[in-house]
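Before any comments, here is the structure.
The values are calculated or read from the model by the stated rules, or taken from the named source; none is laboratory data. A quick note: this is a predicted structure, and the numbers were derived from the prediction, not measured. Virtual Cβ from ideal backbone geometry, glycine too; neighbours counted across all protein chains shown.
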Amino acid sequence: MTDENSSIAVDNPYASGKKKYYVLGLLTVVYSFNFIDRQLLAILQESIKVDLGLSDGQLGLLTGFAFAVFYVTAGIPIARWADRSNRSRIIAASLFIWSFMTALSGAAQNYLQLLLARVGVGVGEAGGSPPSHSIISDIFPPTSRATALGFYSTGVSIGILFGFLLGGWLNEFFGWRIAFAVVGIPGVLLAVVVWMTLPEPIRGLSEKKQASDDQPTFMEVLGLLWSRVSFRHIAAGSALNAFASYSISNWSASFMIRTHGMTTGELGTWLAMIMGFGGAIGVFFGGYIADSLSPRDKRWYVWVPSITGFLSVPFMAGVYLVDDAYVALAFMIIPGVMANVYLGNAIATTHSLVGLRMRALSSAVLFFILNIIGLGLGPFTVGLLSDYLSVSLGEESLRYALLYVVPVFGFWSATHFLLAGRTLRADLAAAPD
């Protein structure tokens, strides 16, 4: 390191390894709240549908497109802000906003009010992941970055676990309105903890690089990413995976309730273990395995999600082809474990393709593509297809809407991750400082 960098290191708030892992754990908890708030609606939506008199198309819009549009639109300017400002403060403020709006969702008296509350949740959550990704990449070196981001990404599965578990039982005993309040209020308190205990790291710390004072424009970052063929395939694979996985997570509860007659309490427990606990195992070890194999070949960062994606497809189809509830749940296990294996690898690889002051914005670009296609169109498409099929299939319409959508997009996603390996090594070699 240069003398300038050495002097910076004296004031390094992450000189202690314990602090580094504390922050990784704290950010993972924050991300868990992100998905608890988001997933809660999926287990509650059948009760909300009856209470507010909604269609499947309206539910799909509520859980997907309306949320995603504001989530990704707000994400770009917030990420650009994070690349030149205090990221820890942005995370704390965002957590406060989305948690408050989640609690407020329980007070909605009609569809429009609930829609506006979910828009507020989406705007708040837009400030969570890109600055968190940037912080993690600054405190963990490239050799362990996918593992760290994979651990952080277990927040998706932990959030799904508690969203299904708490939402299912709270709804069964107290109703959907109380469930929103119980889940939202703790996040407001956690925001205070983040504000007080999360220090802003030095940019480029893990790579012993000095970040340039020049702030790249949005178009420069977008142009750099688009010029990398591997990124295009990683983004497409991530978006198509999200299309399938958000369709599964947002509609599985409704499918099991309608087709197999399960109660929200029992079902929430099953889905919490399959998609929550199982998903956490998959996303962490997906990053860990790729980091372990990457010294041999960097392409393992895209090969791992490709392999797991192809393996999941027949099990995805099996869920909707069997007539027994518990056999269907058993078929969910493999896709549940493997659904988010791609996540830590995709983020870590994207960060390796760009410069130090491009990381939050590059995450926002990746998440824009992932969420506008996956979260925005996945649940909404399934809802519309279910409404269309209901004329001829009745209550079974959702089963076939999921069967026609989920395996196809799972296979398509895995194909793009496989294609990303063709140019990945050359693209990484051309990455700017």
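Considering the range 105-146, and only residues there that are closer than 21 Å to ARG203 by Cβ and polar (S, T, N, Q), the residue that is surrounded by the fewest Cβ atoms within 10 Å (Cβ to Cβ) turns out to be THR143. Residues in the range 218-233 that are touching a Lys or Arg at 6+ places or on another chain (Cβ under 9 Å) and within 21 Å of VAL408 (Cα to Cα): HIS233 alone. Any chance the range 106-127 includes a residue that's assigned to a loop (DSSP other than H, G, I, E, B) and under 15 Å from the mean Cα position of the chain (by Cα)? The answer is yes; a qualifying residue exists. Among (1) assigned to a helix (DSSP H, G or I); (2) surrounded by fewer than 18 Cβ atoms within 10 Å (Cβ to Cβ), which single condition is ARG84 missing? Condition (1) is where ARG84 drops out.
For the range 379-405, a residue qualifies if it is crowded, with 19+ Cβ neighbours inside 10 Å and at pLDDT below 90, and the qualifying residues are PRO379, PHE380, GLY383. In the range 262-283, the qualifying residues are those that are in a helix (DSSP H, G or I) and of a type in the set (S, T, N, Q), and the one that is nearest to the chain's Cα centre (by Cα) is THR269.
Conditions (1) more than 24 Å from LYS20 (Cβ to Cβ); (2) surrounded by fewer than 18 Cβ atoms within 10 Å (Cβ to Cβ); (3) in contact (Cβ under 8 Å) with a residue 12 or more places away in the chain, marked per residue:
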{"residue": "GLY175", "(1), (2), (3)": "yes, yes, yes"}
{"residue": "ALA179", "(1), (2), (3)": "yes, no, yes"}
{"residue": "PRO199", "(1), (2), (3)": "no, yes, yes"}
{"residue": "ARG203", "(1), (2), (3)": "no, no, yes"}
{"residue": "ALA242", "(1), (2), (3)": "yes, no, yes"}
{"residue": "TRP251", "(1), (2), (3)": "yes, no, yes"}
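Within the option set PHE173, PHE231, PHE218, being at pLDDT below 90 and closer than 30 Å to LEU419 by Cβ holds for one residue only, PHE218. Of the numbered conditions (1) touching a Phe, Trp or Tyr at 6+ places or on another chain (Cβ under 6 Å); (2) closer than 24 Å to ALA103 by Cα, ASN241 fails exactly one; give the number of that condition. Of everything listed in (1) touching a Phe, Trp or Tyr at 6+ places or on another chain (Cβ under 6 Å); (2) closer than 24 Å to ALA103 by Cα, ASN241 misses just condition (2). Each residue in the range 1-31 was checked for being part of a helix (DSSP H, G or I), at pLDDT 65 or above and loosely packed, with under 11 Cβ neighbours inside 10 Å, and 2 pass. In contact with a helix residue (DSSP H, G or I) (Cβ under 6 Å, 6 or more places away or on another chain), in a helix (DSSP H, G or I), of a type outside the set (Gly, Ala, Ser) and farther than 16 Å from SER245 by Cβ: is that true of LEU375 in this structure? Answer is no for this residue. In the range 392-429, what residues are touching a Lys or Arg at 6+ places or on another chain (Cβ under 8 Å) and not in a helix (DSSP H, G or I)? Matches in the range 392-429: GLY421, THR423.
Among helices (runs of 4 or more DSSP H) lying entirely in the range 284-367, which contain 1 or more residues that are within 24 Å of SER137 (Cβ to Cβ) and modelled with pLDDT under 90?
Correct list: 342-352.
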